[in-house]
Amino acid sequence: MTETNVTFCVNGEDRTVSGRSDIPLLYALREELGLKGTRFGCGDAACGACTVIMDGRAVTSCDLPISAVAGKSVETVESLDTDPPHPLIAAAIAQQAGQCGYCLPGILMAAKALLDRNKHPGRAEIIAALDGNLCRCGTHTRIIRAIEQAAGTMAEAGE
Ligand code: FES
Ligand code: FES
């Protein structure tokens, strides 16, 4: 496999990673860029733990070769760590949406992609948006409540 340099935008900042062109984006984020918030679950595009947003769309990063990310814009869960925290973070804490929390980075990014394109999602739309994200602790109900709360907060703030 060829070695390559790939430049892409991560959380608003241009970054370049070097190495094999087939390295998954997840590994580049965690190991090359030190962004450890995105989780490795199944490594097979089946659990959603590694979900990030690429050009506005929620994607799994464990099966996405870095060569496919060149020139794209990627958002990871670290982008929600703002001051004050993104409404999704505040709502997840308020609703105690996580038990072990392993699934949450991926779920929060799937939820952010939803709220970025639909400011007033219904419960069915939230459930559909999370279809690819597993939570083994079974906190789905609290997660959905948190996303509803975040949507309400963002609507009140006119975001
Ligand atoms: S680790 Fe990527 S979908 Fe499971
Ligand atoms: S809170 Fe444990 S997997 Fe979701």
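Values in this text are rule-based calculations from the coordinates and carry no lab data. Model, not experiment: these values are computed from the prediction.
For the chain, a Gaussian network of Cα nodes joined below 10 Å ranks Ala146, Ala28, Ala94 by mean-square fluctuation, and the top entry is Ala94. In the elastic network of the chain, a GNM with C-alpha springs shorter than 10 Å, the most mobile of Leu35, Leu108, Leu130 is Leu35. A full extension of the chain between Phe40 and Asp63 corresponds to an added length of 7.2 nm, given 0.36 nm per residue minus the alpha carbon distance. Across every pair of non-identical alpha carbons in the range 3-76, the mean reciprocal distance, once inverted, gives a Kirkwood radius of 11.9 Å.
Based on C-alpha pairs under 8 angstrom that are at least 6 apart in sequence, the chain has a relative contact order of 23 percent. Evaluated at 20 °C with a viscosity of 1.002 mPa s, what Stokes-Einstein diffusion coefficient in µm²/s does the range 80-156 have when Rh comes from the Kirkwood expression over alpha-carbon pairs? In µm²/s, the coefficient rounds to 177. Under the criterion of Cα pairs below 8 Å and six or more residues apart, the relative contact order for the range 3-76 equals 38 percent.
Treating each Cα of the chain as an identical point scatterer and summing with the Debye formula, the log10 of I(q)/I(0) at q = 0.15, 0.16 Å⁻¹ comes to -0.75, -0.85. Could you let me know the centre-to-centre spacing of the range 56-100 and the range 8-43, using Cα atoms, in angstrom? Measuring centre to centre over Cα atoms gives 13 Å. Rounded to the nearest 10 degrees, the inclination of helix 104-117 to the longest alpha-carbon principal axis of the chain is 80 degrees. For the range 80-156, the relative contact order comes to 45 percent (Cα pairs under 8 Å, sequence separation of at least 6).
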